[in-house]
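First up is the structure itself, then whatever we jot down about it.
Just so it is clear, none of the values below were taken in a lab; they were calculated from the coordinates. All of these numbers come straight from a predicted model, not from anything done at the bench. Cβ sites come from the backbone with ideal geometry, for glycine too, and all protein chains shown count toward neighbours.
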Amino acid sequence: MLTLIKKFYRKLHSFFVALLVKISPYLATKYLYKRAMGKSIDLTNPKNFNEKIHWLKLYWKHPLVSKCGDKFEMRNYVNDMGLSNILNNIHSVYDDASNIEWNTLPDKFVLKVTSGSGFNIVCKDKNKINRRKVEKKLNKWIKTNFALKVGEINYQSMKPRIICEEFMETEEGNLPIDYKIFCFNGNPKYILVVTEREIGVKRFMFDNEWNSIDFLKNRTSDGMITPKKPDSLQEMIFYAEKLSNPFPFVRVDFYDYNGRTILGEMTFTPDAGLATRYKESFLRELGDMIDLPEKIT
C-alpha cells in the first residue's frame, strides 16, 4: 500500500510540475529550486552556478542552445565547425522505434533519444535483448516532453528522434570513461570525470593540468583510485574551446576511445541546475566564472 501511495504521489507531483512549467517556467524554476535546495533562488542577482544556469535557461534563449543540446542537430553544428572527425559513427536515425531494422544493425550498438537526458539503451548483444520492450520504451521516451519534467525549457523546441550509434568499449569490455569539460565563454576550466558507469558511478574533478579538485560534499576517498590523465586530454581541451566559444556556459562531454577523442554531447543545464552534491564554495566558484550576457527572450 505504501508503495502505491508513493507511486501515486510521484505521478501527481510530475503532473503538477509539468502544468507549472506550461503556465510559467519562471514560477516552476522557483518551486523546483526551493524544493531541491531548501532555499529561494535569486534570479535578479544570481551568484552561484545553479542560479546562473537557471538564469541562462530562462533569459538567454539563443537558438544554438537548443540546436547543440539536441544529440542529432549538434552533429550539424560540429560539422559546420569542421570537426566531423570527433563525431561517433551513426548507424541509423528513426522517428519511431517500430522503424528499427534490427537485422541490419551490428551485434553491439547504443540507441539514444535525442531530445532528452538519460534516454539511452546500451546493447552489448542484440540477440539477448527484448526488442518489443526496447521499442516500447523508446517510443515512450520519444513522446516525452522532456522540458516539462524539471523545467529545462531548452529541450522544448527539439524534434524527437532515435539515433543508433556505434558501440564504444574499453579493452576490458567496459563503457568508456566520461570526460565532461566545463567551459565558460569559450574557456575550458574544469574536467568532471565519471567512471564505473556500469557498476556504480564515481566522480572526480580536475583542472586543465590534471590537479585534483575537492568539490563534493561528504566525499569519501576509501577505495577510490584516481583516474589517470587520458592521452587525448589536450585534444579534448582544444575541441572544447572551439565548440564552446559562442556560449556563456556549456559542458562539453568527451570519451577517450583508444586514444581518439570522441564527442559525446553538449550540456547546457547540468543536473537541471539543481546540483546538490557540490560544495557551496565550489558552486560559488563556478558561478563566478559565468559572465551573464544580454538577455535573449
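Pick from PHE184, PHE16, PHE249: which is most flexible by mean-square fluctuation in a GNM of the chain where alpha carbon atoms under 10 Å apart are linked?
Result: PHE16 has the largest fluctuation of those listed.
At q = 0.07, 0.10, 0.15, 0.17 Å⁻¹, what log₁₀ I(q)/I(0) does the chain have when each alpha carbon counts as one equal point scatterer in the Debye sum?
With one equal scatterer per Cα and no solvent, log10 I(q)/I(0) is -0.28, -0.59, -1.38, -1.65.
Only helices at least 30 Å long along their own axis, judged from Cα atoms, and with Kyte-Doolittle mean hydropathy of 0.5 or greater: name those in the chain from DSSP H.
Result, helices passing both filters: 2-23.
Would you mind working out the magnitude of the charge dipole of segment 171-279 relative to its Cα centre, with +1 at each Lys and Arg C-beta and -1 at each Asp and Glu C-beta, to the nearest 20 Debye?
Roughly 420 debye for segment 171-279.
Are any of the pairs LYS61/LYS295; LYS34/LYS279; LYS67/LYS242; LYS47/LYS295; LYS71/LYS279; LYS7/LYS149 more than 19 Å apart by Cα-Cα distance, and if so, which?
In this structure, LYS71/LYS279 exceed 19 Å between Cα atoms.
I need the shape label for segment 210-297. Rule: rounded when a/c is under 1.5, else prolate if a/b > b/c, else oblate, with a, b, c from the alpha carbon gyration tensor. All intermediate terms of the calculation are to be shown ahead of the outcome.
Details: a/c = 2.17, a/b = 1.09, b/c = 1.98.
Cα axes put segment 210-297 in the oblate bin.
Which residue, chosen from ASN130, ASN103, ASN79, occupies the Cα position most advanced towards the positive end of the dipole of segment 52-133, where the dipole is computed from +1 (Lys, Arg) and -1 (Asp, Glu) charges on Cβ about the Cα centre?
It is ASN130, whose Cα lies furthest towards the positive end.
Given +1 on the Cβ of Lys and Arg, -1 on the Cβ of Asp and Glu, and no further charges, what dipole in debye does the chain carry about its Cα centre, rounded to the nearest 20?
1740
Where does the chain land at 222 nm, in deg cm²/dmol rounded to the nearest 500, when only DSSP H runs of n ≥ 4 count, each adding -39500 (n - 2.57), divided by all residues?
-10000 deg cm²/dmol
Taking the Cβ of ASN48 as the center, what net charge do the other residues with Cβ under 15 Å away carry, scoring Lys and Arg +1 and Asp and Glu -1? Write out the running numbers ahead of the final one.
On the way: positive: LYS34, LYS39, LYS47, LYS52, LYS57, LYS217, ARG277, LYS279, ARG284; negative: ASP42, GLU51, ASP271, GLU280, GLU285, ASP288, ASP291.
For residues surrounding ASN48, the net value is +2.
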